[in-house]
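To start, the structure itself, in structure tokens.
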Amino acid sequence: MGRIWKFFIYILLFALAAIICFPVVFMFVGALMQDWELTEYLGPVLGNAEGMASWSFLPRAPTLEPVVELLLDSPQYFVMFWNSMKLSLCILAGQLLFGMPSAWALARYSFPGRKFLLLLYIVLMLMPFQVLMLPEYLVLNRLGLIDTHLAVILPSAFSTFPVFIMYRFFRGIPETLLEAAQIDGAGELQVFGQIGVPLGSAGVVSAAILGFLESWNMIEQPMTFLKTESLWPLSLFLPDIGLTEAGMGFAAAVFMLVPALLVFLCGQDYLEQGIAAAALKE
């Protein structure tokens, strides 16, 4: 009986994996199709053709033309790519610069209102962008930052989620180790930089990975705060694709996936530790 249950569980896991991987396979196959084949399959969805949309897991006439067109004939793609890199790296730097000291203070110091402040961080972390969009827009507009990259960078650089992830790891550092360092004459900055950060590096790296993935794929923030197309990140390049540019859109999606996939694979172990730590109770 146990073997039968295991068999059904394996079948279920395989089916779920197939469903999850289908969009990725769909994307890679579409990047190898010619325009006439994409028109035949996606015309009822992206064009004015009648009937039902269909798809094939193998292109009938594979081609690299969409990739060549994207890399050689689409300067807009490279502008948006570097905009995405700029936004993601600046946001990541801000999250680490402001998040690490904040997480350390919440984890290691006792002060009035600490638990309330931690609760506030959690509440802000759970709030979606739609809730904060109007207040952020009003503040940024008042500061004259609308339609600049700072309008996207500043709110995200002070995100509370990386603080919460790093807080869990800093909290797990043995107090006796920190006290021993202080007895040896280490100052607060030395304890933080030479003991806290190295021992909490798993949390710092996992927070950095999650921060990069979130900022690399953000759509609503740049769509709300950026009006000039030359400032748009790569995530806004894809929604503007029609049937005539479908092949190039699939190719762009593949290249957009590569940096996020590399970051995820390089820090997968740290990311799993970060998710596990975030799930622990105080």
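The values are calculated or read from the model by the stated rules, or taken from the named source; none is laboratory data. Here the structure is a predicted model, which is why all the values come from computation and not from measurement. A quick note on method: Cβ atoms are made from the backbone with ideal geometry, for glycine too, and the neighbour counts reach across all protein chains shown. Just the protein is used for accessible areas: all its heavy atoms, side chains included, with ligands, DNA and RNA removed. Shrake-Rupley method; radii C 1.70, N 1.55, O 1.52, S 1.80 Å.
Taking ILE122 and the conditions (1) at pLDDT 85 or above; (2) under 22 Å from the mean Cα position of the chain (by Cα), which numbered condition does it fall short on, given that it satisfies the others?
Of the numbered conditions (1) at pLDDT 85 or above; (2) under 22 Å from the mean Cα position of the chain (by Cα), the odd one out for ILE122 is (1).
Can you find a residue that is more than 28 Å from the chain's Cα centre (by Cα), of a type outside the set (A, V, I, L, M, F, W, C) and open to solvent by 80 Å² or more (accessible area, probe 1.4 Å) anywhere in the stretch 6-28?
Yes, some residue in the stretch 6-28 is more than 28 Å from the chain's Cα centre (by Cα), of a type outside the set (A, V, I, L, M, F, W, C) and open to solvent by 80 Å² or more (accessible area, probe 1.4 Å).
Which residue out of LEU46, LEU70, LEU92, LEU32 is within 30 Å of the chain's Cα centre (by Cα), modelled with pLDDT under 80 and buried (at least 16 other Cβ atoms within 10 Å of the Cβ)?
Of LEU46, LEU70, LEU92, LEU32, the one residue that is within 30 Å of the chain's Cα centre (by Cα), modelled with pLDDT under 80 and buried (at least 16 other Cβ atoms within 10 Å of the Cβ) is LEU46.
Can you tell me which of (1) within 15 Å of the chain's Cα centre (by Cα); (2) buried (at least 21 other Cβ atoms within 10 Å of the Cβ); (3) modelled with pLDDT of 85 or more is the one LEU226 doesn't meet?
Failed condition: (1).
Consider LEU117 carefully, then state whether it is open to solvent by less than 80 Å² (accessible area, probe 1.4 Å), more than 22 Å from the chain's Cα centre (by Cα) and farther than 21 Å from PHE161 by Cα.
no
Checking LEU138 against (1) out of contact with any Phe, Trp or Tyr (no Cβ under 7 Å at 6 or more places or on another chain); (2) within 30 Å of PHE192 (Cβ to Cβ), which single condition isn't satisfied?
(2)
List the number of the failed condition for GLU179; all other conditions in (1) open to solvent by 20 Å² or more (accessible area, probe 1.4 Å); (2) closer than 30 Å to PRO59 by Cβ hold.
Of (1) open to solvent by 20 Å² or more (accessible area, probe 1.4 Å); (2) closer than 30 Å to PRO59 by Cβ, only one is false for GLU179: (2).
Filter the stretch 163-184 down to the residues that are in a loop (DSSP other than H, G, I, E, B) and within 30 Å of GLU272 (Cα to Cα), then identify the one that is nearest to the chain's Cα centre (by Cα).
Among them, the one singled out is GLY172.
Could you list, ordered by first residue, the pairs with Cβ atoms under 7 Å in which the first is in the stretch 55-78 and among the hydroxyl-bearing types (Ser, Thr, Tyr) and the second is modelled with pLDDT of 80 or more, at least 6 apart or interchain?
THR63/LEU32; THR63/GLN34; SER74/MET248; TYR77/LEU70; TYR77/ALA252
Look at SER84 and say whether it is small (Gly, Ala, Ser) and crowded, with 17+ Cβ neighbours inside 10 Å.
When the stated conditions are applied, SER84 passes them.
Please go through (1) assigned to a loop (DSSP other than H, G, I, E, B); (2) in contact (Cβ under 8 Å) with a residue 60 or more places away in the chain for MET52 and return the number of the only condition it doesn't satisfy.
The failed condition is (2).
Taking the stretch 95-110 as the search range and keeping residues that are hydroxyl-bearing (Ser, Thr, Tyr) and open to solvent by 40 Å² or more (accessible area, probe 1.4 Å), which one is farthest from GLY193 (Cα to Cα)?
SER110
Can you give me the number of residues within the stretch 104-132 that are among the β-branched types (Val, Ile, Thr) and farther than 29 Å from GLN190 by Cα?
2
Determine which single condition VAL254 fails, assuming it passes every other condition in (1) within 27 Å of LEU126 (Cα to Cα); (2) modelled with pLDDT of 85 or more; (3) in a helix (DSSP H, G or I).
(1)
Residues are listed down the side, and each one gets a yes or a no for (1) in contact with a strand residue (DSSP E or B) (Cβ under 7 Å, 6 or more places away or on another chain); (2) modelled with pLDDT of 90 or more; (3) assigned to a helix (DSSP H, G or I); (4) surrounded by fewer than 19 Cβ atoms within 10 Å (Cβ to Cβ):
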| site | (1), (2), (3), (4) |
| --- | --- |
| ALA186 | no, no, no, yes |
| GLY193 | no, no, yes, yes |
| VAL197 | no, no, yes, yes |
| VAL204 | no, no, yes, no |
| LEU210 | no, no, yes, no |
| LEU213 | no, no, yes, yes |
| PRO222 | no, yes, yes, no |
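Looking at the stretch 127-145, is at least one residue in contact (Cβ under 8 Å) with a residue 12 or more places away in the chain, over 16 Å from MET223 (Cα atoms) and crowded, with 16+ Cβ neighbours inside 10 Å?
The answer is no, given that none of the residues of the stretch 127-145 is in contact (Cβ under 8 Å) with a residue 12 or more places away in the chain, over 16 Å from MET223 (Cα atoms) and crowded, with 16+ Cβ neighbours inside 10 Å.
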